[in-house]
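Take a look at this one; I'll ask things after.
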Amino acid sequence: MSALPPYASKGQIAWYYGFRVICALIFLFLIIPVLVIIPLSFNSQDFFTFTKEMLAFDPDGYSLKHYEDFFTNPDWQQALVNSVQIAPMATLMSTALGTLAAIGLSQSHVPFRSAIMAVMISPMIVPLIISAAGMYFFYSRIGMQGTYWGVVLAHAALGTPFVIITVTATLVGFDRSLVRAAANLGANPVTTFIKVQMPLILPGVISGALFAFITSFDEVVVVLFVGSASQKTLPWQMFTGLREQISPTILAVATVLVTISIILLTTLELLRRRSERIRGLSPG
């Protein structure tokens, strides 16, 4: 927002500064819980509160033992391995299905596009507990409940809508005359997609893939229904730690996940800016 003009009224001035105060309060409301977790993860005691030593910035009040427990405890490491095995595969499936669906639904000749789009993005709207219960009963009937591929397919279903939305938004500014020009020059649809269309929509595809990865890596409700003890993921282990033993290692894991999320969101922002430059929506 530009600076206030010299002829602004008192109401405009009040709204100008009031709006910024409201935004700052909302930002603090959202960010303070995260900022509290990070220093608590270095607590030398097995507490979820700040000790006197921590408040006095005494070095004895801080320790890396919770991080050490995370990287050495076999339960936490197995959960990390399961998350690393499930999330990338679910992301690949979500990205492939979501990209193809977005390209297909972007064609003007496709009938009932709005209805199909609503069905495709419904996993974002339907409460997770309902989706999880439905998947559980369906998987139980076909023998996929408690299997690796069952969890992967469930997470892929949750991540696909994010890919569809981001790729569809990228396709809004896509010049379809490039596709027609490639076809006139003899390129088949596959070659046109790989060499013409994909490079231009790649930022949207990568953004959707990152959202799908975050969705799969952080998801806990569905995996509780469709997974088994052998597919216990990192969020599942955190949930178990809160429910059964109140392990302070959860704080260390949460800090690691927050760091990963910040890195991924920074990547998303860089990709968004690159996409805008490519489409000519912002200066280079």
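The values are calculated or read from the model by the stated rules, or taken from the named source; none is laboratory data. Please read all numbers here as calculations on a predicted model, not as lab measurements. FYI the Cβ positions are ideal-geometry reconstructions off the backbone, even for glycines, and counts take in every protein chain you see.
Being surrounded by fewer than 22 Cβ atoms within 10 Å (Cβ to Cβ) and in a helix (DSSP H, G or I) is the filter here, so list the residues in region 234-250 that pass it.
Of everything in region 234-250, those that are surrounded by fewer than 22 Cβ atoms within 10 Å (Cβ to Cβ) and in a helix (DSSP H, G or I) turn out to be Pro235, Trp236, Met238, Phe239, Thr240, Gly241, Leu242, Arg243, Glu244, Gln245.
Using the structure shown, decide if Ser108 is among the small types (Gly, Ala, Ser), farther than 22 Å from Ser216 by Cα and outside any helix (DSSP H, G or I).
Numbers: among the small types (Gly, Ala, Ser): yes; farther than 22 Å from Ser216 by Cα: yes; outside any helix (DSSP H, G or I): yes.
Here the answer is yes, as Ser108 does meet what is asked.
What number of residues within region 252-272 satisfy the criterion of being among the hydroxyl-bearing types (Ser, Thr, Tyr) and surrounded by 13 or more Cβ atoms within 10 Å (Cβ to Cβ)?
Of region 252-272, the ones among the hydroxyl-bearing types (Ser, Thr, Tyr) are 255, 259, 261, 266-267.
Subset that is surrounded by 13 or more Cβ atoms within 10 Å (Cβ to Cβ): 255, 261, 267.
Number satisfying all stated conditions: 3.
Would you check which residues across region 25-51 are surrounded by 11 or more Cβ atoms within 10 Å (Cβ to Cβ) and of a type in the set (Ser, Thr, Tyr) and list them?
Ser41, Ser44, Thr51
Find the residue count for region 52-94, including only residues that are among the small types (Gly, Ala, Ser), exposed (fewer than 15 other Cβ atoms within 10 Å of the Cβ) and assigned to a helix (DSSP H, G or I).
First pass over region 52-94, keeping only residues among the small types (Gly, Ala, Ser): 56, 61, 63, 79, 83, 87, 90, 94.
Subsequent filtering for residues that are exposed (fewer than 15 other Cβ atoms within 10 Å of the Cβ) retains 56, 63.
Applying the additional criterion that residues be assigned to a helix (DSSP H, G or I) yields none.
Here the count works out to 0.
Listed here are the residues, each with its yes/no results for (1) assigned by TED's automatic domain parsing to the domain that holds Ile214; (2) free of Cβ contacts under 8 Å to residues at least 24 places away in the same chain; (3) over 23 Å from the mean Cα position of the chain (by Cα).
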| residue | (1), (2), (3) |
| --- | --- |
| Gly98 | yes, no, no |
| Met120 | yes, no, no |
| Ile125 | yes, yes, no |
| Ile130 | yes, yes, no |
| Gly134 | yes, yes, no |
| Phe137 | yes, yes, yes |
| Ser140 | yes, yes, yes |
| Gln145 | yes, no, yes |
| Tyr148 | yes, no, no |
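Being among the hydrophobic types (A, V, I, L, M, F, W, C) and either within 30 Å of Pro248 (Cβ to Cβ) or not in a helix (DSSP H, G or I) (or both) is the filter here; which residues of region 1-24 pass it? Can you show your working first?
As a first pass, look at region 1-24 and keep what is among the hydrophobic types (A, V, I, L, M, F, W, C): 1, 3-4, 8, 13-15, 19, 21-24.
Met1, Ala3, Leu4, Ala8 - these are the residues of region 1-24 that are among the hydrophobic types (A, V, I, L, M, F, W, C) and either within 30 Å of Pro248 (Cβ to Cβ) or not in a helix (DSSP H, G or I) (or both).
State which residue pairs qualify: first residue under 16 Å from Ala102 (Cβ atoms) and inside region 172-200, second residue part of a loop (DSSP other than H, G, I, E, B) in any location, beta carbons under 6 Å apart, and separation of 6 or more residues or different chains.
Gly173/Arg279
Another question, then. For region 91-114, which positions are farther than 18 Å from Pro189 by Cα and in contact with a Leu (Cβ under 7 Å, 6 or more places away or on another chain)?
Once the filter is applied, which keeps residues that are farther than 18 Å from Pro189 by Cα and in contact with a Leu (Cβ under 7 Å, 6 or more places away or on another chain), region 91-114 yields only Arg113.
Moving on. Would you confirm, using the coordinates I've provided, whether Phe42 is touching a strand residue (DSSP E or B) at 6+ places or on another chain (Cβ under 9 Å) and more than 25 Å from Lys232 (Cα to Cα)?
For Phe42, the condition - touching a strand residue (DSSP E or B) at 6+ places or on another chain (Cβ under 9 Å) and more than 25 Å from Lys232 (Cα to Cα) - is met.
Is it true that Ile31 is over 20 Å from Ile246 (Cβ atoms) and under 30 Å from the mean Cα position of the chain (by Cα)? Step through it out loud before you land on a result.
Values: over 20 Å from Ile246 (Cβ atoms): yes; under 30 Å from the mean Cα position of the chain (by Cα): yes.
Judged against the criteria, Ile31 is a match.
Would you pick out the residues in region 216-233 that are of a type in the set (A, V, I, L, M, F, W, C) and either part of a loop (DSSP other than H, G, I, E, B) or more than 11 Å from Gly150 (Cα to Cα) (or both)?
Of region 216-233, the ones of a type in the set (A, V, I, L, M, F, W, C) are 217, 220-226, 229.
The answer is Phe217, Val220, Val221, Leu224, Ala229.
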